[in-house]
Amino acid sequence: MDSATSFVAGYDTKPYDREYLSAAARIGGLHLRFHEFRLEASTAFSTEGAKSVCVFVNDDMRRSTLEALVRHGVRMVALRCAGFNNVDIEAAKELEIAVSRVPSYSPHAVAEHTIALILTLNRKTHRAFNRVRELNFSLNGLVGFDLHGKTAGLIGTGKIGRIAAQILRGFGMRVLAFDPFPNSEWALQNGVDYVDTETIFKQSDIVSLHAPLTPETDHIIGTDSIAMMKPGVMVVNVSRGRLVHTKALIEGLKSGHIGGVALDVYEEEEGVFFEDLSGEVLQDDELARLLSFPNVLITAHQAFLTHEALSEISRVTVENLRRFASGQPFLEGTAV
Ligand code: NAD
C-alpha cells in the first residue's frame, strides 16, 4: 500500500472519533487527516490528495457531493455508522464509488443506555444530583415507582430490543413486545410475550422504541397511540427521532397523561445534537418546550457512546479503508 492510497480524509469528527480512529489507524497503517466540518459539495475540495473519505450521519453525500469527490480522485466512502440514508447509493454505483458502513457495533451500549434513561427518569437521579450539590437534601417530588411487577412494552425486538427486554425481565418486569418478524424461541426462553401494538399501548407502564424508521414506524407514537396509553405512562425513544410525533408528545405531557419521557433521539436533531450550542439562542421551540418539563430527560444521541462501540466502529471502518486501499473486498456484510 503506497502513501497516496493510504491517505484518508475524515469529516464531522469530534475528539472521541479522532482518538478511536487514530488508534485503529495506527494498527491498520493508515494516515487520516481529520476535519471538524462536514463533507458536502462545497467542502469536497478539502479531500485533495485522498482516495477515501470517512464520514458520519450528517455528512451530505448526495449526488453533487459524490460527483465532486470523483473529480478530486476519491473512490471510496467509509461510513462510521450503521445508517446510510445520507448517501445517494444509486449515484455512488453509477460513479463507481465504493461505500462501506458498520452495520452493528454494540447493541449492549444502546440497550444499557435505555435502562440508564428509564432508571434516571423514574428515580429522578438527575434532579437529586443537582439538588444535593446545592445542599438541598429534601426528597419532595422525587417519588418513583418499583419496576418490579410493572409492564414494559417494546416496539422492535432486534439486536437492541432483545437485550433491553432481557435486562427489564431481570428487574422482574412483565415484558410485552411487537415485531413484524417475531423471534418466538427467544421470547419463550426469556418470558417475553409478543402482542399487537394496541395491546402494548394499552397495557404498558413503559413503552420503549427499538425499531428502525420505516413508513410503518414513522410517528408510531402520536395522538392516537398516546390516547390508548395508560395515564402516567413513560415513553422512551433511543431509536430514531421520527418514530415520535413531538407535538403529540408535548400535548400528552401538558395534559399530564404522559408521566415521563426519555429521548436519546429527536425528530429535528440534525444541526443540534452533537453540537455545543451553550452560548447560543435555541431556535427550536418544540425542543425548548420539551426541555422545560421536569419529567423529560434528553440525551443527545449518545446511546452508542461506549469504549466498546467506538472501538468496534473504528476497527471495522479502518479495516475496510485498508482493504480498499490494497484492492481487497470489504469485511463481510459491511458493503452498501
Ligand atoms: P435491528 O435491525 O437488529 O432490529 C430492528 C428490529 O425492528 C427488527 O427485529 C425488525 O423486525 C423490527 N421492526 C421493523 N419494522 C418494525 C415495526 N414496524 N414495528 C416493530 N418492529 C419493527 O436493529 P437494532 O440494532 O436493534 O437497532 C434498533 C434501532 O436502534 C434502529 O432504529 C437504530 O437506528 C437505533 N439505534 C440507535 C442508536 C443510538 O445511539 N441512539 C444506536 C444504534 C442504533
Condition test on Glu96, is it modelled with pLDDT under 95 and acidic (Asp, Glu)?
no
Counted residues in the range 222-242 being more than 22 Å from Asn122 (Cβ to Cβ), of a type outside the set (Gly, Ala, Ser) and within 15 Å of the ligand (Cβ to nearest atom) come to 2
On the given criteria, is Asp146 open to solvent by 30 Å² or more (accessible area, probe 1.4 Å) and part of a strand (DSSP E or B)?
no
Can you pull out every residue in the range 174-205 that is within 18 Å of Gly260 (Cβ to Cβ) and touching a Leu at 6+ places or on another chain (Cβ under 8 Å)?
Ile200, Gln203, Ser204
Report yes if Ala98 is small (Gly, Ala, Ser), in the same structural domain as Arg62 (by TED's automatic domain parsing) and either surrounded by 21 or more Cβ atoms within 10 Å (Cβ to Cβ) or touching a residue at least 24 places away in the same chain (Cβ under 8 Å) (or both), otherwise no.
yes
Exactly one condition in (1) within 13 Å of the ligand (Cβ to nearest atom); (2) in contact with a strand residue (DSSP E or B) (Cβ under 6 Å, 6 or more places away or on another chain) is not met by Phe84; state its number.
(2)
Of the residues in the range 49-83, those that are in contact (Cβ under 8 Å) with a residue 40 or more places away in the chain, open to solvent by 10 Å² or more (accessible area, probe 1.4 Å) and among the polar types (S, T, N, Q) number 1
Among the residues of the range 151-183 satisfying the criterion of being in a helix (DSSP H, G or I) and within 8 Å of the ligand (Cβ to nearest atom), which is surrounded by the fewest Cβ atoms within 10 Å (Cβ to Cβ)?
Lys159
Give me the pairs, please: first residue somewhere in the range 311-336 and closer than 19 Å to Gly83 by Cβ and not assigned by TED's automatic domain parsing to the domain that holds Glu96, second residue anywhere and of a type in the set (Ser, Thr, Tyr) and open to solvent by less than 50 Å² (accessible area, probe 1.4 Å), beta-carbon distance under 8 Å, and either six or more positions apart or on two chains.
Phe330/Ser100; Leu331/Ser100; Thr334/Ser100; Ala335/Ser100; Val336/Ser100
Kindly indicate whether any position in the range 243-257 is touching a helix residue (DSSP H, G or I) at 6+ places or on another chain (Cβ under 8 Å), within 16 Å of the ligand (Cβ to nearest atom), in the same structural domain as Val143 (by TED's automatic domain parsing) and among the small types (Gly, Ala, Ser).
no
Condition first: open to solvent by less than 30 Å² (accessible area, probe 1.4 Å), away from the ligand (no atom under 11 Å from the Cβ) and touching a residue at least 60 places away in the same chain (Cβ under 8 Å). Now tell me which residues in the range 101-121 satisfy that.
Ile118, Leu121
Select, from Glu286, Glu268, the only residue that is surrounded by fewer than 20 Cβ atoms within 10 Å (Cβ to Cβ), more than 21 Å from Leu176 (Cβ to Cβ) and more than 16 Å from the ligand (Cβ to nearest atom).
Glu286
Search the range 122-141 for residues that are surrounded by 10 or more Cβ atoms within 10 Å (Cβ to Cβ) and pair each with any residue that is assigned to a helix (DSSP H, G or I) and among the polar types (S, T, N, Q) when their beta-carbon atoms are under 8 Å apart and the residues are at least 6 apart or on different chains.
His126/Thr120
Gly327 farther than 20 Å from Ile160 by Cα, assigned to a loop (DSSP other than H, G, I, E, B) and not β-branched (Val, Ile, Thr)
yes
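The values are calculated or read from the model by the stated rules, or taken from the named source; none is laboratory data. None of these values were measured; they are calculated from a predicted model. Neighbour counts are summed over all protein chains in view; Cβ atoms, including those assigned to glycine, are modelled from backbone coordinates with ideal geometry. What goes into the accessible areas is simple: the full protein's heavy atoms, side chains included, and nothing from ligands, DNA or RNA. Shrake-Rupley method; radii C 1.70, N 1.55, O 1.52, S 1.80 Å.
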